[in-house]
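Right, one structure below, let's go through it.
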Amino acid sequence: GQQVMQIPQYQHVQEGEDFTTYCNSSTTLSNIQWYKQRPGGHPVFLIQLVKSGEVKKQKRLTFQFGEAKKNSSLHITATQTTDVGTYFCSATNAGKSTFGDGTTLTVKP
Amino acid sequence: DGGITQSPKYLFRKEGQNVTLSCEQNLNHDAMYWYRQDPGQGLRLIYYSQIVNDFQKGDIAEGYSVSREKKESFPLTVTSAQKNPTAFYLCASSTPANTRELFFGEGSRLTVL
């Protein structure tokens with residue numbers, strides 16, 4: 001089945017710095033979803049990308065889908081302590097969602 | 001309030017015992033899923049069901065069983081055949097119109113003593 005790889009596994013930043021996590025696949029993806037899981041919590045859906053080269057923004061979060069639809073990124077501008085958590089990408093095919101291992105973000109105030 | 005309810009939140013089990021985790025949703029979603037999460041890892045799909053009375057194995061179904069007798073309910077049984085059952089179990093559901101957006105319950109943390 002399809003696999004998605006996420007890097008980095010961990011990222012520690014000072015509050016106010018930017019953060020980026022990357023999601024890569026060896027095969028072309030039809031879609032990408034991003035989720036956020038706060039410490040001790042459950043994943044919460046953030047956004048879905050389906051078009052080649054698509055860029056979507058949610059306040060300080062920018063999501064991109066690569067032109068070849070084999071990679072995606074989530075960029076957070078000027079991180080805040082409320083951004084801490086693990087960010088997962090997933091790709092869905094035939095009703096099954098496959099998740100990356102996630103990037104855990106910690107923010108030092 | 002619509003949502004997904006998982007119970008129990010924490011569960012301890014002795015080796016060799018079966019245990020059933022409950023998942024109930026009142027979102028009127030057709031599809032339901034069970035994922036397992038281990039520390040530092042992503043979510044791995046155990047079983048999923050797209051309609052009542054039908055379900056399919058996911059990537060790590062061995063040692064688990066499910067049933068889908070009602071649209072609202074999708075219980076997961078962790079059997080004694082599961083070699084390493086200690087984990088965080090997450091149930092999710094999705095609408096037929098958009099099976100790509102998953103709504104998750106708060107999870108059940110199972111510890112085998």
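The values are calculated or read from the model by the stated rules, or taken from the named source; none is laboratory data. Not measured: the values here are computed from a predicted model. When we count neighbours, we look across all protein chains shown, and the Cβ atoms used for this are built from the backbone with ideal geometry, even at glycine.
Residue-wise test of (1) within 19 Å of B:Gly40 (Cβ to Cβ); (2) in contact with a Gly (Cβ under 9 Å, 6 or more places away or on another chain).
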position: A:Phe19; (1), (2): yes, no
position: A:Asn31; (1), (2): no, no
position: A:Arg38; (1), (2): yes, yes
position: A:Leu49; (1), (2): no, no
position: A:Val55; (1), (2): no, no
position: A:Gln58; (1), (2): no, no
position: A:Thr62; (1), (2): no, no
position: A:Gly85; (1), (2): yes, yes
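Keeping to the range A:70-104, report how many residues are more than 14 Å from chain B (Cβ to nearest Cβ) and in contact with a strand residue (DSSP E or B) (Cβ under 8 Å, 6 or more places away or on another chain).
12
Out of B:Glu24, B:Glu62, B:Glu101, which single residue is at pLDDT 95 or above, of a type in the set (D, E, K, R) and not in a strand (DSSP E or B)?
Only one candidate passes the filter, namely B:Glu62.
Please state which one of A:Ala91, A:Ala78, A:Ala68 is among the small types (Gly, Ala, Ser) and either within 22 Å of B:Ala92 (Cα to Cα) or in contact with a His (Cβ under 9 Å, 6 or more places away or on another chain) (or both).
After applying the criteria, what remains is A:Ala91.
Please list, ordered by residue number, the strands (runs of 3 or more DSSP E) wholly in the range A:30-109 having 3 or more residues that are over 10 Å from the mean Cα position of the chain (by Cα).
Counting at least 3 such residues, we get A:43-49, A:55-58, A:85-93, A:96-99, A:103-108.
To keep it simple, each residue is scored yes or no on (1) more than 14 Å from every other protein chain (Cβ to nearest Cβ); (2) in contact with a Ser or Thr (Cβ under 8 Å, 6 or more places away or on another chain); (3) under 20 Å from A:Gly41 (Cβ atoms).
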residue: B:Lys14; (1), (2), (3): yes, no, no
residue: B:Gln17; (1), (2), (3): yes, yes, no
residue: B:Leu27; (1), (2), (3): no, yes, yes
residue: B:Arg44; (1), (2), (3): no, no, yes
residue: B:Gly58; (1), (2), (3): no, no, no
residue: B:Glu62; (1), (2), (3): yes, no, no
residue: B:Glu69; (1), (2), (3): yes, no, no
residue: B:Thr79; (1), (2), (3): yes, yes, no
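Okay, residues lined up against (1) buried (at least 17 other Cβ atoms within 10 Å of the Cβ); (2) within 10 Å of the chain's Cα centre (by Cα); (3) in contact (Cβ under 8 Å) with a residue 40 or more places away in the chain:
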| residue | (1), (2), (3) |
| --- | --- |
| B:Val19 | yes, no, yes |
| B:Ser22 | no, yes, yes |
| B:Asn28 | no, no, yes |
| B:Ala31 | yes, no, yes |
| B:Asp38 | no, no, yes |
| B:Gln41 | no, no, no |
| B:Lys57 | no, no, no |
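Inside the range B:88-113, can you point out the residues that are away from chain A (no Cβ under 14 Å) and within 20 Å of B:Gln41 (Cα to Cα)?
B:Leu110, B:Thr111, B:Val112
Could you go through the range A:20-28 and let me know if any residue there is under 30 Å from B:Phe55 (Cβ atoms), buried (at least 18 other Cβ atoms within 10 Å of the Cβ) and without any contact (Cβ under 8 Å) to a residue 60 or more places away in the chain.
No, there is no match, as no residue in the range A:20-28 is under 30 Å from B:Phe55 (Cβ atoms), buried (at least 18 other Cβ atoms within 10 Å of the Cβ) and without any contact (Cβ under 8 Å) to a residue 60 or more places away in the chain.
Can you find a residue in the range A:39-60 that is more than 14 Å from every other protein chain (Cβ to nearest Cβ), touching a residue at least 12 places away in the same chain (Cβ under 8 Å) and surrounded by 13 or more Cβ atoms within 10 Å (Cβ to Cβ)?
yes
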